[in-house]
Amino acid sequence: MSNGAAWRSRLMTDYWFANLPADLQDSLLDASRQRRRTPGKLLFEKDDAPCGLYVLLEGGFRVGSVVDQRLAPRLEEVRMPYWFGEVSLFDGLPRGHDVYSLGNSIFLHIPHAMLIGILEKTPAYWRFFAELLSQKLGLTLLHSERIKLLPAKARVAWRLLLLSEGYGPMSHARRLIALDDIQSMRTAALSRPALLEVLQELHTRKILRLDTDRVEIFDVVKLRKAANFMRAKSLC
């Protein structure tokens with residue numbers, strides 16, 4: 001099978017895809033390419049340029065480096081088809097971590113350039129991808145320009161959620177995040193000292209643990225509250 005059209009019936013079992021406009025469904029199917037990976041093979045690596053949207057059809061995948069995985073508990077099961085990779089649509093940044101196959105896996109891949117072309121042609125479609133990511137983050141997604149208007153604590157919390165929760169159940173184990181990954185002028189728009197000040201406060205409140213070059217997230221529920229401007233006031 002050379003494209004996603006052969007997988008339409010499988011994709012229609014997914015709530016998100018089944019509720020897309022028919023034209024958007026057709027565009028995604030036309031743009032998709034099948035990718036097969038054997039156990040342990042990379043789908044993409046940390047720091048790769050944004051490479052598009054993926055959907056897992058068979059098999060499984062893991063998120064994070066080998067070190068991350070040694071520290072990670074067993075993954076939660078996910079219902080396939082399972083979409084992922086949409087974070088880069090919103091922050092425009094390189095991939096934040098490695099993603100590699102578990103077992104013999106089959107993915108459909110919509111390349112970044114083709115996906116951007118679909119969205120530029122019909123900007124109204126952006127909201128469907130925002131909904132997809134919002135389901136994983138557990139709160140309503142804000143555009144990056146609106147995130148920059150939030151208080152510093154809320155901006156950092158958003159960045160941490162994008163890095164740790166952007167793959168939903170597949171990344172719940174990802175709680176170790178490098179400081180260099182957090183500091184993004186496009187997302188957090190904070191200087192290093194300002195970032196460390198916010199992280200130190202979150203450390204004091206036991207939301208995370210701050211080390212020399214990374215943080216470990218302890219309490220995602222409080223982190224979501226910090227990312228929500230209206231609720232963030234209650235943490236001040």
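Filtered by the rule that a residue be open to solvent by less than 20 Å² (accessible area, probe 1.4 Å) and in contact with a strand residue (DSSP E or B) (Cβ under 8 Å, 6 or more places away or on another chain), the range 90-108 gives Arg95, His97, Val99, Ser101, Ser105, Ile106, Phe107, Leu108.
Taking Phe129, is it outside any strand (DSSP E or B), under 29 Å from Asp180 (Cβ atoms) and open to solvent by less than 30 Å² (accessible area, probe 1.4 Å)? So Phe129 passes the test. Residue-level analysis places Lys46 outside the set of residues that are modelled with pLDDT under 95, over 19 Å from the mean Cα position of the chain (by Cα) and not acidic (Asp, Glu). Per this entry, Tyr54 is counted among residues that are outside any loop (DSSP other than H, G, I, E, B), surrounded by 15 or more Cβ atoms within 10 Å (Cβ to Cβ) and modelled with pLDDT of 95 or more. Number of residues in the range 81-106 that are over 16 Å from Val63 (Cβ atoms), over 12 Å from the mean Cα position of the chain (by Cα) and not polar (S, T, N, Q): the value is 2.
I'd like the residue in the range 164-180 that is at pLDDT 80 or above and assigned to a helix (DSSP H, G or I) and, out of all such residues, is surrounded by the most Cβ atoms within 10 Å (Cβ to Cβ). Among them, the one singled out is Leu179.
When restricted to residues that are in a loop (DSSP other than H, G, I, E, B) and touching a Cys at 6+ places or on another chain (Cβ under 9 Å), the range 92-126 contains 2.
Of the residues that make up the range 191-210, is at least one open to solvent by 60 Å² or more (accessible area, probe 1.4 Å), modelled with pLDDT of 90 or more, in contact with an Asp or Glu (Cβ under 9 Å, 6 or more places away or on another chain) and assigned to a loop (DSSP other than H, G, I, E, B)? Yes, there is a match, as at least one residue in the range 191-210 is open to solvent by 60 Å² or more (accessible area, probe 1.4 Å), modelled with pLDDT of 90 or more, in contact with an Asp or Glu (Cβ under 9 Å, 6 or more places away or on another chain) and assigned to a loop (DSSP other than H, G, I, E, B).
The values are calculated or read from the model by the stated rules, or taken from the named source; none is laboratory data. Treat the numbers as computed from the prediction; the structure is a model and nothing was measured. Cβ atoms come from the backbone with ideal geometry, glycine included; neighbour counts cover every protein chain shown. For accessibility, only protein heavy atoms count, side chains too; no ligands or nucleic acids. Shrake-Rupley method; radii C 1.70, N 1.55, O 1.52, S 1.80 Å.
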